[in-house]
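Accompanying notes for the structure given below.
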Amino acid sequence: MTFPNAANGIKKLFIGEILALFGALATGVSIFFAKPQVDNSGNITDFAATTNVELGLVGGFLAVGGVIMIVAFILQLIGIVKASKDEEAFKGALYLILFSLAASIVGSVLVTMFPGMPKFAQNIPTVVVNLTEILTTFLVIGGIASLGAKVNSAELQEKASKLLGIIVTVIVLKFVANCVILLFKENIADVIATILGILVVFFTLLQYILYLSLLSKAKNTLAEK
């Protein structure tokens, strides 16, 4: 039995995830061209470009990163839709992605309409989005494991099962660190916030590496069947 929709969908999902990584890197690079802004106590409160060159570089990298992220999201969405035709778990992942998108839009609208909202309340939609990421990844990996069983690939099934716990654990750790930063940033020392930020970056890269290795294995296995 073959699953061409799942094979094609996971291939697009794989490409989308790679593009998302490059988009995130391009966005992250922009901060190196901005200067830290400090308050009267000497604490760093923000990063901002102060010259035309800095504005151009920051704006350029942010624009490139934004475009790449949009293309990546579209590819991921198309991939999930295609894969859902062969495996039910991807349908659940699709619903979660749409819910996450709606939560992001609602969050942006609330911040725009009520700029005086407490930071804690402003960041709740972001926390919800991060939580749906955990559930979406869980369903995608579960779907890959299920496809591995359907095509009688014990190797793919075993790889998905092993990485499921590891990847979800990494995402949960990143989620916790992100929550502390987003919800309690005003109540923790700058050095702690910086350490947590570094941990978030580390966990994100580790998550991408593990997740991409599984998607690569899945697309190659399904293409061979």
Residues that are farther than 26 Å from Val200 by Cβ: which helices (runs of 4 or more DSSP H) entirely in the range 77-189 hold 3 or more of them? 89-113, 124-150, 154-184
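Being in contact (Cβ under 8 Å) with a residue 12 or more places away in the chain, under 21 Å from Val176 (Cα atoms) and open to solvent by 30 Å² or more (accessible area, probe 1.4 Å): is that true of Glu133 here? Steps first, please.
Values: in contact (Cβ under 8 Å) with a residue 12 or more places away in the chain: yes; under 21 Å from Val176 (Cα atoms): yes; open to solvent by 30 Å² or more (accessible area, probe 1.4 Å): yes.
Against the criterion (in contact (Cβ under 8 Å) with a residue 12 or more places away in the chain, under 21 Å from Val176 (Cα atoms) and open to solvent by 30 Å² or more (accessible area, probe 1.4 Å)), Glu133 qualifies.
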Residues that are at pLDDT below 75 and open to solvent by 80 Å² or more (accessible area, probe 1.4 Å): does the range 74-91 have at least one? no
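The values are calculated or read from the model by the stated rules, or taken from the named source; none is laboratory data. From a predicted model like this one, the values you see are computed outputs, not experimental measurements. Glycine gets a Cβ as well: all are built from the backbone with ideal geometry, and neighbour counts include every protein chain shown. Protein only, heavy atoms only, side chains kept; ligands, DNA and RNA dropped before computing areas. Shrake-Rupley method; radii C 1.70, N 1.55, O 1.52, S 1.80 Å.
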